[in-house]
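**Student:** Here you go, one structure.
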Amino acid sequence: MSITQYNGGTILAMAGKNCVVIGSDKRLGVQNLTVSTEFQKIFPVTEKCYIGLPGLASDVQTLSELFRLKVNMYKLREEREIEPLTLANMISSTLYGRRFGPYFCEPIVAGLDKNNKPHIYGMDLIGCLNFPDDFTVAGCAEEALFGMCESLWEPDLEPDDLFETASQALLSAADRNSMVGWGAVIHTITPDRVITRTLKTRMVIYYISYI
Amino acid sequence: MEFLLGITGKDFVLTVSDTAAIRSIVVFKNNDDKSLDLNKHVVMLYSGNPGDTTHFAEYIQRNVKLYEIKNGIELTPKATATFTRRELATSLRSRKPYNVNLLIAGYDVTTSLPHLYWIDYLGTNATLPYAAHGYGAYYTLSILDKYHRPDISLDEAKAIVKKCIEELKTRFLFNLSGFKVKVTDKDGIREIEI
């Protein structure tokens, strides 16, 4: 098994009409053993831009700290918020900086730019950027997510419909992959606010009541 | 074969570590302490490569102490865990990484809350209500899933630990000889009998 699949976890992002969503599951495991059901894989960068970091949990945490540092330094230097495309390029070159000893993480960037145009970017673990205009997926349930997104996504969805589409895709993919699940979190990014919702996936009933 | 366990309760953290010092098929010692007090309210449990564990644990302990001397304030459990995780994550990509798994348990005096952090040798840090390392995790986590509540009292936590140890004694192939149990709360760290 690949080291990128050691901890499980998966992420997707979708673009709609003046809105984007980014979502992930909440599981942290060590192969088959589930260690945590509250593991953060999506990190806010600005008010309208989020990054998702699926992959080796150690690198997820290291990179989230590194990107937080870089974004804060950018904000101090430039006296403005970073744009999604700039952020994607910053992440890409950070990853390529470790070309021959990479971070085992395939980041996804989702956000709105200053004109509220939706942006989603995906990349591989050495920073090769992808510029899709529909959706992008990464992590353990990547294949299943591709299938679901391919059949559910349509152009120009409004925030609520986009959220529903992304949720159904993520839940269907997560429920059939044992490395992924134990709840999900979806951020819907619109020009005036970000709506964060948590979802229940297939899981033990009494555990749900405990949480 | 090493086993570490931590349970948070209402206003305390209970930590358990086995006391067998094993190399290959030989048990060298039956009263090995696999924990180290980092400061008055934070305790670290460690397992892994014997040389690495003590060396790494002492390295962390002294850095935490140094911070305290320099700044005149105690490092919070969260700050300790973040620092320790970073050290392991950096070490992972060095020539000879530390092979150490940790539980960091502490009582945050600033917020009056108990904390438990699960950290593995890769530098993965998870904040958990209860956690275990080693083969013992496969036997005890299901017991904790069933019986743990965030507001349990110390006596309830002790009862759960007894259940876990009983399960290990009946189902685990290796007979863990003894356990060291520590409680961390607002008064500090103390060892208790179970």
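The values are calculated or read from the model by the stated rules, or taken from the named source; none is laboratory data. Nothing here was measured: the structure is a model prediction, and the numbers come from that model. Because the Cβ atoms are built from the backbone with ideal geometry, glycine has one as well, and the counts that use them run over all protein chains shown. Protein only, heavy atoms only, side chains kept; ligands, DNA and RNA dropped before computing areas. Shrake-Rupley method; radii C 1.70, N 1.55, O 1.52, S 1.80 Å.
**Student:** Filter segment A:10-29 down to residues that are open to solvent by 10 Å² or more (accessible area, probe 1.4 Å) and within 14 Å of chain B (Cβ to nearest Cβ), then give me how many there are.
**Tutor:** So the count comes out to 1.
**Student:** Take segment B:43-78 and flag every residue that is assigned to a helix (DSSP H, G or I), more than 16 Å from the chain's Cα centre (by Cα) and crowded, with 19+ Cβ neighbours inside 10 Å.
**Tutor:** Answer for segment B:43-78, where residues must be assigned to a helix (DSSP H, G or I), more than 16 Å from the chain's Cα centre (by Cα) and crowded, with 19+ Cβ neighbours inside 10 Å: just B:64.
**Student:** State which residue is most open to solvent (accessible area, probe 1.4 Å) when the search covers only segment B:134-147 and only residues that are facing chain A (nearest Cβ under 10 Å) and modelled with pLDDT of 95 or more. Before the answer, list the steps.
**Tutor:** Taking segment B:134-147 as the starting set, the residues that turn out to be facing chain A (nearest Cβ under 10 Å) are B:137-138, B:141, B:145-146.
Checking which are modelled with pLDDT of 95 or more leaves us with B:137-138, B:141.
Values: B:137: 4, B:138: 139, B:141: 28 Å².
Of everything passing the filter in segment B:134-147, B:138 is most open to solvent (accessible area, probe 1.4 Å).
**Student:** Checking residue B:174 against (1) without any contact (Cβ under 8 Å) to a residue 24 or more places away in the chain; (2) surrounded by fewer than 17 Cβ atoms within 10 Å (Cβ to Cβ), only one condition comes out false. Which one?
**Tutor:** So the condition that residue B:174 fails would be (1).
**Student:** Within segment B:79-133, which residues are within 12 Å of chain A (Cβ to nearest Cβ), in contact with a strand residue (DSSP E or B) (Cβ under 8 Å, 6 or more places away or on another chain) and open to solvent by 30 Å² or more (accessible area, probe 1.4 Å)?
**Tutor:** B:82, B:101, B:121, B:127, B:129
**Student:** What's the total number of residues in segment B:23-63 that are on the phi > 0 side of the Ramachandran plot and either among the charged types (D, E, K, R) or free of Cβ contacts under 8 Å to residues at least 40 places away in the same chain (or both)? First the steps, then the outcome.
**Tutor:** Start the filter on segment B:23-63 by keeping residues that are on the phi > 0 side of the Ramachandran plot, which leaves B:24, B:48.
Imposing the further condition that a residue be either among the charged types (D, E, K, R) or free of Cβ contacts under 8 Å to residues at least 40 places away in the same chain (or both) reduces the set to B:24.
Within segment B:23-63, residues that are on the phi > 0 side of the Ramachandran plot and either among the charged types (D, E, K, R) or free of Cβ contacts under 8 Å to residues at least 40 places away in the same chain (or both) number 1.
**Student:** Please list, ordered by first then second residue, the pairs with beta carbon atoms under 8 Å, 6 or more apart or interchain, first in segment A:83-109 and within 14 Å of chain B (Cβ to nearest Cβ) and within 22 Å of residue B:124 (Cα to Cα), second in a helix (DSSP H, G or I) and open to solvent by 50 Å² or more (accessible area, probe 1.4 Å).
**Tutor:** A:104/A:3
**Student:** When only residues in segment A:35-53 that are in a loop (DSSP other than H, G, I, E, B) and either among the aliphatic types (A, V, I, L, M) or surrounded by fewer than 23 Cβ atoms within 10 Å (Cβ to Cβ) (or both) count, which is nearest to the other protein chains (Cβ to nearest Cβ)?
**Tutor:** If we take residues in segment A:35-53 being in a loop (DSSP other than H, G, I, E, B) and either among the aliphatic types (A, V, I, L, M) or surrounded by fewer than 23 Cβ atoms within 10 Å (Cβ to Cβ) (or both), then A:38 is nearest to the other protein chains (Cβ to nearest Cβ).
**Student:** Between residues in segment B:149-166 that are under 15 Å from residue B:15 (Cβ atoms) and touching a residue at least 12 places away in the same chain (Cβ under 8 Å) and residues that are open to solvent by less than 70 Å² (accessible area, probe 1.4 Å) and not in a loop (DSSP other than H, G, I, E, B), which pairs lie under 6 Å by C-beta distance while being six or more apart or on different chains?
**Tutor:** Matching pairs, first to second residue: B:157/B:7; B:157/B:14; B:161/B:16; B:164/B:140; B:164/B:143.
**Student:** Identify, from the list A:32, A:7, the residue that is at negative phi and crowded, with 22+ Cβ neighbours inside 10 Å.
**Tutor:** None of the others qualify; the one that does is A:7.
**Student:** Keeping to segment B:33-42, report how many residues are over 20 Å from residue B:176 (Cβ atoms) and open to solvent by less than 30 Å² (accessible area, probe 1.4 Å).
**Tutor:** 4
**Student:** Would you be able to say whether some residue in segment A:140-162 is in contact with a helix residue (DSSP H, G or I) (Cβ under 8 Å, 6 or more places away or on another chain) and under 18 Å from residue A:3 (Cα atoms)?
**Tutor:** Yes, that holds for at least one residue.
**Student:** Still on this structure, please answer the following. Within the bounds of segment A:86-100, is there any residue that is open to solvent by less than 40 Å² (accessible area, probe 1.4 Å) and assigned to a loop (DSSP other than H, G, I, E, B)?
**Tutor:** Among the residues of segment A:86-100, not one is open to solvent by less than 40 Å² (accessible area, probe 1.4 Å) and assigned to a loop (DSSP other than H, G, I, E, B), which makes the answer no.
**Student:** Taking the condition more than 10 Å from chain A (Cβ to nearest Cβ) and touching a strand residue (DSSP E or B) at 6+ places or on another chain (Cβ under 7 Å), does residue B:187 pass?
**Tutor:** no
**Student:** Looking only at residues that are open to solvent by 10 Å² or more (accessible area, probe 1.4 Å) and not hydroxyl-bearing (Ser, Thr, Tyr) in segment A:56-70, which one is nearest to the other protein chains (Cβ to nearest Cβ)?
**Tutor:** Per the stated criteria, the residue is A:61.
**Student:** If a residue has to be open to solvent by 20 Å² or more (accessible area, probe 1.4 Å) and aliphatic (A, V, I, L, M) to count, how many in segment A:71-85 make the cut?
**Tutor:** Selection size over segment A:71-85: 3.
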